[in-house]
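Participant: Mind having a look at this structure? Questions to follow.
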Amino acid sequence: MAGKGERIFGLIGFPLTHSFSKIYFNQKFEAEHIDARYLNFELPDIGDLMEVVAQYPALSGLNVTIPYKEQVLPYLDEIDEDAAKIGAVNVIKFIRKKNSLKFKGYNSDMIGFSDSLKPLITPARNKALILGTGGAAKAVRQGLINLGIEPIYVSRTPDPKKNELGYDDLDSHIMDTHKIIVNTTPLGMYPKIDTCPDIPYGLLTNEHLCYDLIYNPDVTLFMKRASEHGAEVKNGLEMLLLQAFISWNIWNE
Ligand code: NAP
């Protein structure tokens, strides 16, 4: 039962096997004596969203995960400019006024990525290769653009019309001119930790930054091989943790 004044936050997705957010937020609420609860809403269909909203009048904000980051768009009244460019939302702010409820969508993948990248930017790191072209890659791309870094996608099936590169195109010129490399593919993620993107690791230098969105394991094979050639490396943990702060700020601003 919700207590008087208790706010509810939650995560929608399907399936919801692991949930960092639920553990993080409920620990935060307890430690900081915040009258709130964080629930997981495993929805077989995005059409079930409005039922959840009706069932929980104290619902004050949601996180959105796979497969609904794009499917949730038609339910929003407003969308943040960057989230609109990315075409995906993973935080929903509930704006309740007297008799109305409005939803505004944001993309915390983008904000978490760019906030964590900012301190690592150097003048030489002004162009980036994004390995993979999925949902996270689109958020990474927008984050790079906002930071003034020129991104280019690297795909197994490059689309020349979109100026994408293939892995075979990664020659010494490309590697030398792109000093940031972001892995947004699932290669190397637990349990398949012995895999990594097929890039020419031998062409990396100590000016390169190799950023892996994966955070389990701590050090992926991509990071290990890159650091063997002197590159600076970073995993996706800070990006993940920042997203919880970002969500909380969005819900409370
Ligand atoms: P996704 O939509 O499945 O996209 C992954 C992309 O990687 C695909 O579009 C594909 O691009 C490429 N790819 C897939 N399988 C591959 C393979 N076997 N070999 C080479 N390339 C492959 O996944 P996502 O939602 O973007 O997430 C990607 C990764 O980012 C996941 O590991 C996820 O856990 C992580 N992530 C981390 C955070 C964080 O906060 N740290 C946030 C979001 C996501 P092509 O087909 O063009 O090659």
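The values are calculated or read from the model by the stated rules, or taken from the named source; none is laboratory data. Please read these numbers as outputs of a predicted model, since none were measured by experiment. Methodologically, a virtual Cβ is constructed for each residue, glycine included, from the backbone with ideal geometry; neighbour enumeration extends over all protein chains shown. Accessible surface is based on the protein model in full, side chains and every heavy atom, while ligands, DNA and RNA are left aside. Shrake-Rupley method; radii C 1.70, N 1.55, O 1.52, S 1.80 Å.
Participant: Run through the stretch 30-59 and list the GluC sites (Glu not before Pro) located in a DSSP loop whose Cβ has at most 13 other Cβ atoms within 10 Å.
Facilitator: Working: sites: Glu30, Glu32, Glu42, Glu51; in loops: Glu32.
When the GluC sites (Glu not before Pro) of the stretch 30-59 are filtered for loop state and at most 13 Cβ neighbours within 10 Å, Glu32 remain.
Participant: Measuring with a 1.4 Å probe in the full set of protein chains, what accessible area per residue, in whole Å², belongs to the stretch 7-106? Please report the intermediate quantities before stating the final value.
Facilitator: On the way: 5400 Å² over 100 residues.
Counting only protein heavy atoms, the per-residue value for the stretch 7-106 is 54 Å².
Participant: Roughly speaking, to the nearest percent, how much of the stretch 213-253's 1.4 Å accessible area is carbon and sulfur?
Facilitator: 54 percent
Participant: Roughly how many Å is it from the Cα centre of the stretch 115-161 to that of the stretch 198-253, as a whole number?
Facilitator: Result: 13 Å between the Cα centres.
Participant: I would also like to ask the following. Working from the pairwise distances between different alpha carbons, so that the mean of 1/r is found and then inverted, what is the stretch 110-239's Kirkwood radius in Å? Don't skip to the answer; put the middle values down first.
Facilitator: Numbers: mean 1/r = 0.0697 Å⁻¹.
Computed over Cα pairs of the stretch 110-239, the Kirkwood hydrodynamic radius comes out at 14.4 Å.
Participant: Please list, by residue number, every one of the trypsin sites (Lys or Arg not before Pro) in the stretch 186-237 that is coil in DSSP and has at most 16 other beta-carbon atoms within 10 Å. Walk me through the intermediate numbers first.
Facilitator: Details: sites: Lys192, Lys224, Arg225, Lys234; in loops: Lys192.
Within the stretch 186-237, the qualifying trypsin sites (Lys or Arg not before Pro) (loop, at most 16 other Cβ atoms within 10 Å) are Lys192.
Participant: Right, something else. Using a 1.4 Å probe, what is the accessible area per residue for the stretch 110-239, in Å²? Write out the running numbers ahead of the final one.
Facilitator: Details: 6340 Å² over 130 residues.
The answer is 49 Å² per residue.
Participant: From zero outward in steps of 10 Å, how is the percent of C-alpha pairs of the chain spread across the bins?
Facilitator: Per 10 Å bin, starting at 0, the Cα pair percentages come out as 7, 29, 32, 20, 10, 2, 0.
Participant: Among the listed pairs Lys85/Lys192; Lys69/Lys138; Lys69/Lys102; Lys118/Lys138, which are separated by more than 23 Å between their Cα atoms? Intermediate values should be presented prior to the final figure.
Facilitator: On the way: Lys85/Lys192 32 Å; Lys69/Lys138 12 Å; Lys69/Lys102 18 Å; Lys118/Lys138 18 Å.
Too far apart for the 23 Å limit: Lys85/Lys192.
Participant: Now for a separate question. Please give the solvent-accessible surface of Thr157 in Å², to the nearest 10, using a probe radius of 1.4 Å with every protein chain present.
Facilitator: Per-residue accessible area (Thr157): approximately 110 Å².
Participant: Additional query: Between the stretch 76-101 and the stretch 3-47, how many Å separate their Cα centres?
Facilitator: 18 Å
Participant: Further question on the same structure: Can you compute 3J(HN,Hα) from phi for each residue in the stretch 92-101, using the Karplus curve 6.51 cos²θ - 1.76 cosθ + 1.60 with θ = phi - 60°, rounded to whole Hz and x for Gly and Pro?
Facilitator: Listing the rounded values in order: 10, 8, 8, 10, 9, 10, 1, 10, 9, 9 Hz.
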